[in-house]
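Take a look at the structure below.
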Amino acid sequence: MKYIFPSEEWIGAYQEIINSSASYKKAASDWRLGAVSMVCKARPDLDIDEDVGIVLDLHEGHCRSAEICTADEAQEAPYCITATYERWKQIILGRLEPIQGIMQGKLRLQGNLADVVKYVEASQVLVSCASEVPTDFVDE
């Protein structure tokens, strides 16, 4: 079964994959800096009528919860990455590394970049987990 990105079902599958990843547990075992969120910018032509937020409550190598929310709610997280649908697709497909994308201005980070860079391995594992979610992209 494939899950449409972004959707509650996709987020649920992503959380399961994160929590089954020994690599993530190890790379983020001391992460106590709070939730990480993502905002996917609206694409009305793809039936994404408004910005979509995703909040991952990450703590010590575990994803305690993963929820879809408004962009405003997502921006309340200590770390929020905002990008277009196309950029998120590139990340999920493993074609764009988030920290590199932030440095190149392809993604916008709200939060302390130094904290994120310190956990670059955990970030890379999160991207790997996202690529494991069987994903249907609405533009294909």
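Calculated mean residue ellipticity at 222 nm for the chain: -10500 deg cm²/dmol, from DSSP H runs with n ≥ 4 weighted as -39500 (n - 2.57), summed, divided by the residue count and rounded to 500. The antiparallel fraction among DSSP beta bridges confined to the range 24-93 stands at about 75%. Computed over neighbours whose Cβ is under 11 Å from that of GLU73, the net charge equals -4, Lys and Arg +1, Asp and Glu -1. Spin-label model, GLN100/GLU76: points 7 Å from Cα along the beta carbon direction are separated by 3.5 nm.
The modelled label-to-label distance for the pair ASP45/ALA114, using points 7 Å beyond Cα in the direction of Cβ, is 4.2 nm. Pairs of Lys residues in the chain are counted when their Cα atoms are under 16 angstrom apart and they lie 8 or more places apart or on different chains; the count is 6. May I ask you to list the GluC sites (Glu not before Pro) in the range 4-62 that are in a DSSP loop and have at most 14 other Cβ atoms within 10 Å of their Cβ? Listed in order of number, the matching sites are GLU50, GLU60.
Across the chain, the longest piece that holds none of the trypsin sites (Lys or Arg not before Pro) lying in DSSP loops with up to 14 other C-beta atoms within 10 Å covers 33-94. Contact order for the chain, expressed relative to its length and based on alpha carbon pairs under 8 Å spaced 6+ residues apart, stands at 30 percent. Out of the DSSP beta bridges found with both residues in the range 3-137, what percent are antiparallel (nearest 5)? Taking every DSSP beta bridge with both residues in the range 3-137, the antiparallel ones total about 70 percent. Extension gain, ARG64-ARG32: 0.36 nm per intervening residue step, less the Cα-Cα distance, totals 10.3 nm.
Where a number appears in this text, it was derived from the coordinates with a stated rule and is not lab data. From a predicted model like this one, the values you see are computed outputs, not experimental measurements. Cβ: placed from backbone, ideal geometry, glycine included. Neighbour counts: every protein chain shown.
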